[in-house]
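The values are calculated or read from the model by the stated rules, or taken from the named source; none is laboratory data. All values derive from a computational prediction rather than experimental measurement. Glycine also receives a Cβ, built like all others from the backbone with ideal geometry; neighbour counts cover every protein chain displayed.
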Amino acid sequence: MLKQKELSKLKTGEPVKHFLLLNKIETKTTKANKSYLNLELRDKSAVYPAKVWDNFEDFLARAKEGDIVRVEGVIEEFNNQPQIRILSIDLARESDNVSQKDFLPVSERDFDEMKNELKDFIRSINNRYLLELLNRIFDEKTFEKYTHVPAGKAWHHSYVHGLLEHTLEILKICDLMCKIHPEMDRDLLLTAAILHDFGKTEELTYENSFDYTDKGRLLGHITIAALKIQEAAEKINNFPEKLLMLLLHLVLSHQGKLEHASPVEPKTLEAIVLYHADELSAKANAYKLAIKADEDKEGSWTRFLPLAGTMLFAEKKKNGEEPKDSLFD
């Protein structure tokens, strides 16, 4: 068991003497034409940038993304973001008894409970074509990937089982909306919710580090999912053409806007619900994690979050502070 202080708990100026996962490694050049190593290092709590300015040639020749490294350095702040100034770095040895799993964050939810929830949602679908489609897509190997892959590399649900957790949140939101608006096609909406990010099983890797595959970079998860759905539907006798078209529309439009990489924008009631459910789940999770990462930071605001375009207000309770009486007590 790895025992060291979490990166996110280290304050500016504190020393780093850690085993960390090499998330990214690349060479860059300064304006003065000096080469340096640009790295990303992670543990379960955070991913921090780091730089090596001198004598890195031997390390560069031996290291690759996904390796575990021994790092000595200090926490600094650059552009209001934490980073590690490296004093020394080398590959971990086998005798150090650490593995990649020690550094990859995992959902805090119970895994078996989440799997059972997903299976219950699938069993609740009454449309025989959609149910057969799901059963064809989810063979044993694919289901294993689907329930382990993160929902993203860094922004939201970026941990093992993250896609499963994200999908269940969307399913619950969509199921609620179907109770509020019973005219919606629940079977269609829930099937699309289950499959909307299915392409991430082939877009992302999660075994040693979180990264994009070649296929993921070239096609993207939306395209991958649409192709898999089309392929599976073609193997089902008399799969209704209109049903397939509507399902594909939901998957293709779930990111809402063309500038957000959706090939089309939502044009049905079910599609607009799926888009907003996806947004709500993703942003609530991302903001929650950002607040948690800065819970030991002084003041009531997180650091600036580039992907959110803002800081977040996160007022901390004072020691011994009791909640105020409710107006209705």
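Any residue at all in the stretch 14-31 that is crowded, with 16+ Cβ neighbours inside 10 Å, outside any strand (DSSP E or B) and hydroxyl-bearing (Ser, Thr, Tyr)?
Within the stretch 14-31, none of the residues are crowded, with 16+ Cβ neighbours inside 10 Å, outside any strand (DSSP E or B) and hydroxyl-bearing (Ser, Thr, Tyr).
Taking the stretch 93-129, which residues are touching a residue at least 24 places away in the same chain (Cβ under 8 Å) and of a type in the set (Gly, Ala, Ser)?
Of everything in the stretch 93-129, those that are touching a residue at least 24 places away in the same chain (Cβ under 8 Å) and of a type in the set (Gly, Ala, Ser) turn out to be SER99, SER107, SER124.
Do the conditions hold for ALA271, that is, is it under 15 Å from LEU130 (Cβ atoms), assigned by TED's automatic domain parsing to the domain that holds LYS179, touching a Leu at 6+ places or on another chain (Cβ under 7 Å) and not in a loop (DSSP other than H, G, I, E, B)?
Against the criterion (under 15 Å from LEU130 (Cβ atoms), assigned by TED's automatic domain parsing to the domain that holds LYS179, touching a Leu at 6+ places or on another chain (Cβ under 7 Å) and not in a loop (DSSP other than H, G, I, E, B)), ALA271 does not qualify.
Could you say which residue among ASN97, ASN80, ASN116 is in the same structural domain as TYR206 (by TED's automatic domain parsing), loosely packed, with under 13 Cβ neighbours inside 10 Å and not acidic (Asp, Glu)?
ASN116
State which residue is surrounded by the most Cβ atoms within 10 Å (Cβ to Cβ) when the search covers only the stretch 295-329 and only residues that are at pLDDT 70 or above and either touching a helix residue (DSSP H, G or I) at 6+ places or on another chain (Cβ under 8 Å) or of a type in the set (S, T, N, Q) (or both).
THR302
What number of residues within the stretch 39-59 are surrounded by fewer than 15 Cβ atoms within 10 Å (Cβ to Cβ) and either on the phi > 0 side of the Ramachandran plot or touching a Ser or Thr at 6+ places or on another chain (Cβ under 7 Å) (or both)?
Counting residues in the stretch 39-59 that are surrounded by fewer than 15 Cβ atoms within 10 Å (Cβ to Cβ) and either on the phi > 0 side of the Ramachandran plot or touching a Ser or Thr at 6+ places or on another chain (Cβ under 7 Å) (or both) gives 1.
Test of understanding: among ASP197, ASP175, ASP187, which residue is outside any helix (DSSP H, G or I) and either of a type in the set (D, E, K, R) or under 30 Å from LYS64 (Cβ atoms) (or both)?
Exactly one of ASP197, ASP175, ASP187 is outside any helix (DSSP H, G or I) and either of a type in the set (D, E, K, R) or under 30 Å from LYS64 (Cβ atoms) (or both), namely ASP197.
Residue by residue through the stretch 193-231, note down the ones that are among the aliphatic types (A, V, I, L, M) and surrounded by fewer than 19 Cβ atoms within 10 Å (Cβ to Cβ).
LEU218, LEU219, LEU227
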